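In what follows, a structure is listed as C-alpha cells, so that the remarks can point back to it.
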Amino acid sequence: IAAADEARAELRRAVRAGEPVGEDVLERLVLPLVDQAAPEWQHAVDVLLQLPGITGPVGYAGGLIALGVRLAVVEPRIEAAVLFAGSYVPRGMFAEAKTVAIPLQVLLQWDDEGNDRQLALDLFDALGSGEKSLHANMGGHTGVPPFAVDDGARFFARHLQAG
C-alpha cells in the first residue's frame, strides 16, 4: 500500500506540473489496485448470487481493463466480458492476459487522448481467448457511441443464456 501511495503522489505531482506520467508510476499504481479490487469483486459476486432471483451465468463489463483481465482469469463464474480499453495495463499482466479463455468484446476509443492506443492493441493481441472481438470507434475517452453499449448487450445475450 505504501508503494501505491507513493506512486499516487508522483502521479499527482506530474499532473499538476503538466508533465507526462511515467510508465513506472502507472505500473506501481495500477497493479496494487487490481490486486486489491479483484477479491472485492469476487465477494460482490458471492453476495449477489445469494440474492433471491439472481442466478448465473455471470458477465463482467468494466472500464479498468486490467481488473477485467484479472477477473477473467481468477473468477470462474464469469463466462464472458466486455472490456473497455481506456486505461493502463501493467506490462507484467500480459502473461496473465494470455491465459484468458472466456469470450471477450473489447471496446477501444480510437482518439482517447489519455490512453496509449498501441498498448491497448498489444493487450488485445495478447488476450488468449479463442473468441474475442475488438470494436474501435472514433472519438475520445468520453465519446463512446450509444450503439457500442447496444453491441455489448447483444454480446452478453449471446454468451450468458441461462441454462
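The values are calculated or read from the model by the stated rules, or taken from the named source; none is laboratory data. Computed from a predicted structure; not experimentally measured. In this analysis, Cβ positions are derived from the backbone assuming ideal geometry, glycine residues included, and neighbour counts consider all displayed protein chains. The area values use the complete protein model at the heavy-atom level, side chains included, leaving out ligands, DNA and RNA. Shrake-Rupley method; radii C 1.70, N 1.55, O 1.52, S 1.80 Å.
Residues being under 16 Å from Val30 (Cβ atoms) and of a type in the set (A, V, I, L, M, F, W, C) are represented in the range 109-120 by at least one member.
In this structure, does Ala148 turn out to be part of a helix (DSSP H, G or I), touching a strand residue (DSSP E or B) at 6+ places or on another chain (Cβ under 7 Å) and buried (at least 22 other Cβ atoms within 10 Å of the Cβ)? When the stated conditions are applied, Ala148 does not pass them. If the condition is being in contact with a strand residue (DSSP E or B) (Cβ under 7 Å, 6 or more places away or on another chain) and outside any loop (DSSP other than H, G, I, E, B), then the range 18-60 contributes Val45, Val58, Gly59, Tyr60.
Within the span defined as the range 118-126, every residue fails to be in a loop (DSSP other than H, G, I, E, B) and surrounded by fewer than 17 Cβ atoms within 10 Å (Cβ to Cβ). Between Ala72, Ala80, Ala101, the distinction of being assigned to a strand (DSSP E or B) and of a type in the set (Gly, Ala, Ser) belongs to Ala80 only. Within the range 69-123, the only residue that satisfies the criterion of being acidic (Asp, Glu) and within 16 Å of Phe155 (Cα to Cα) is Glu79. Which residues, counting only those in the range 68-117, are open to solvent by less than 40 Å² (accessible area, probe 1.4 Å) and closer than 14 Å to Val58 by Cβ? Gly68, Leu71, Ala72, Glu75, Ile78, Ala80, Ala81, Val82, Ile102, Pro103, listed by residue number.
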